[in-house]
Amino acid sequence: MNATETWRQRVKILSYRDRDWLYQKYVQEQLSQGDIGKLCGVDHMTIMGWMKKYHIPARPAGGITLRGEKNYLWKGGRKGNGDGYIMVLSPGHPGANKQGYVYEHRLIVESHIGRYLESKETVHHLNGIKDDNRLDNLQLMSEGEHHSLHARTIPRVPGRGRFQRKEAAI
């Protein structure tokens, strides 16, 4: 090995100390900290330290987070909310939650009436099935009307005026 090759190896090994080179490898080429460490002959912790020094944000553990259609769990932007309702990805919608999802039944009624629903407007499922979002099963009403409707149909605890739990009402 001649002096030129030794010098080139030394430059390659220390290249992780150059912010632009490190940024290019990690952010643009999407190499992991471990892969960059192998290129330079150092541990991934050394690379992580230099990234912190240069304020290069680290990706989540486990690699690149694939979002949307690139994620293998993608279901077309529809998901259940855990309470029986279906939510649809609609990030620009004024009623979207922090993740960009809106209740599907609200979107269907909005599409039918040609405007966004106000926050105090409620969409009621006539048959009580929360994921049955056919237009003929949906009724638009105010919060007060919706509350009154359910107050008439849900039994109350005798002498207390409170609604019974679902289990107790059955």
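The values are calculated or read from the model by the stated rules, or taken from the named source; none is laboratory data. Just so it is clear, the structure is predicted and the values come from calculations on it, not from any experiment. No Cβ is skipped: glycine too gets one built from the backbone with ideal geometry, and neighbour counts run over all protein chains shown.
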### Some residue of region 40-60 being exposed (fewer than 11 other Cβ atoms within 10 Å of the Cβ), closer than 27 Å to ILE129 by Cβ and at pLDDT below 90
no
### Message
Considering only residues that are part of a loop (DSSP other than H, G, I, E, B), more than 18 Å from VAL88 (Cα to Cα) and among the β-branched types (Val, Ile, Thr), which ones fall in region 113-156?
### Response
ILE154
### Message
Can you pull out every residue in region 19-65 that is of a type in the set (Gly, Ala, Ser) and in contact with a helix residue (DSSP H, G or I) (Cβ under 7 Å, 6 or more places away or on another chain)?
### Response
GLY34, GLY37, GLY41, ALA58
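Quick one: in region 97-122, of everything that is among the charged types (D, E, K, R) and within 17 Å of TYR85 (Cβ to Cβ), which residue is surrounded by the most Cβ atoms within 10 Å (Cβ to Cβ)?
Taking the candidates together, the pick is ARG106.
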### Query
Which residue pairs have Cβ atoms closer than 8 Å, lie 6 or more positions apart in sequence or on different chains, and pair a first residue in region 131-154 that is closer than 15 Å to LYS120 by Cβ with a second residue that is modelled with pLDDT under 90?
MET141/LEU149
### Complete set of residues in region 21-76 that are among the charged types (D, E, K, R) and either touching a Phe, Trp or Tyr at 6+ places or on another chain (Cβ under 6 Å) or outside any helix (DSSP H, G or I) (or both)
GLU29, ASP43, ARG59, ARG67, LYS75
